[in-house]
1. In segment 13-34, which residues are surrounded by 15 or more Cβ atoms within 10 Å (Cβ to Cβ) and among the aromatic types (Phe, Trp, Tyr)?
2. Give segment 1-56 a look and list any residue that's under 10 Å from the mean Cα position of the chain (by Cα) and basic (Lys, Arg), or say none.
3. Can you pull out every residue in segment 1-42 that is closer than 24 Å to ILE137 by Cα and not in a helix (DSSP H, G or I)?
4. Among LEU80, LEU92, which is surrounded by 16 or more Cβ atoms within 10 Å (Cβ to Cβ), modelled with pLDDT under 95 and within 29 Å of SER66 (Cβ to Cβ)?
5. Residue by residue through segment 133-143, note down the ones that are open to solvent by less than 30 Å² (accessible area, probe 1.4 Å) and closer than 10 Å to HIS91 by Cα.
Amino acid sequence: MYSILLPLHSSFRWLVLISLLSSIYISWRGYNYNKPFGASENSLRHWTATILHVQLMIGMLLYFQSPVVKFSSGHNVQALFSPQVFFKYIHLALMILATVLVTIGSAKAKRMDTAAKKYKTMLVWFIIALLVIFVAIPWPFSPLATRPFTRAF
């Protein structure tokens, strides 16, 4: 199961980033150019949150299957900056936080009464979530945990 979940989680992250960046761009454009908040914008808001939730669920399944997380790293100073600690605590906590931020932003935007308020709410909450995600991604150049940009099935 791990051999399926890992490439799925790795591939799905691009869908998360594309939908989040699209939502941020649409929100920025709508807010700055006083666009109406129509069904397509509302659908993008909804699907961005849904995609993030699906990615979180895939990640949670992966978390409980991962040999990296199960590996005991001990209690020394080097262990504090190991891939095990990164994936067991940092990545998990920050991705849950990002999902919560998108969920709150989506729910608040849905309940706003004007298009400008909807766009601004989405823009602020989704940008904060995107920044958290950028910190939590195990980039190939990260000193905490390095992973390739893509994985094959």
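The values are calculated or read from the model by the stated rules, or taken from the named source; none is laboratory data. The model shown is predicted, which means the values in this text are computed figures rather than measured ones. Cβ placement follows ideal geometry from the backbone for every residue including glycine, while neighbour counts extend to all protein chains displayed. The area values use the complete protein model at the heavy-atom level, side chains included, leaving out ligands, DNA and RNA. Shrake-Rupley method; radii C 1.70, N 1.55, O 1.52, S 1.80 Å.
1. Passing the criteria: TRP28, TYR31.
2. ARG13, the sole residue that qualifies.
3. Listed by number, the list holds a single entry, MET1.
4. Details: LEU80 fails: surrounded by 16 or more Cβ atoms within 10 Å (Cβ to Cβ).
Answer to the check: LEU92.
5. First, the residues of segment 133-143 that are open to solvent by less than 30 Å² (accessible area, probe 1.4 Å): 133, 136-138, 142.
ILE133, ALA136, ILE137, PRO138, listed by residue number.
Conditions tested, residue by residue: (1) modelled with pLDDT of 95 or more; (2) under 16 Å from ARG13 (Cα atoms); (3) of a type outside the set (Lys, Arg); (4) open to solvent by 70 Å² or more (accessible area, probe 1.4 Å).
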{"position": "THR50", "(1), (2), (3), (4)": "yes, yes, yes, no"}
{"position": "PRO67", "(1), (2), (3), (4)": "no, no, yes, yes"}
{"position": "ILE104", "(1), (2), (3), (4)": "yes, no, yes, no"}
{"position": "ALA116", "(1), (2), (3), (4)": "yes, no, yes, no"}
{"position": "ALA145", "(1), (2), (3), (4)": "no, no, yes, no"}
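Residue-by-condition table, conditions (1) at positive phi; (2) of a type outside the set (Lys, Arg); (3) not in a loop (DSSP other than H, G, I, E, B):
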{"site": "ILE104", "(1), (2), (3)": "no, yes, yes"}
{"site": "ALA107", "(1), (2), (3)": "no, yes, yes"}
{"site": "ASP113", "(1), (2), (3)": "no, yes, no"}
{"site": "LYS117", "(1), (2), (3)": "no, no, yes"}
{"site": "LEU123", "(1), (2), (3)": "no, yes, yes"}
{"site": "PHE126", "(1), (2), (3)": "no, yes, yes"}
{"site": "PHE134", "(1), (2), (3)": "no, yes, yes"}
{"site": "PRO138", "(1), (2), (3)": "no, yes, no"}
{"site": "PHE141", "(1), (2), (3)": "no, yes, no"}
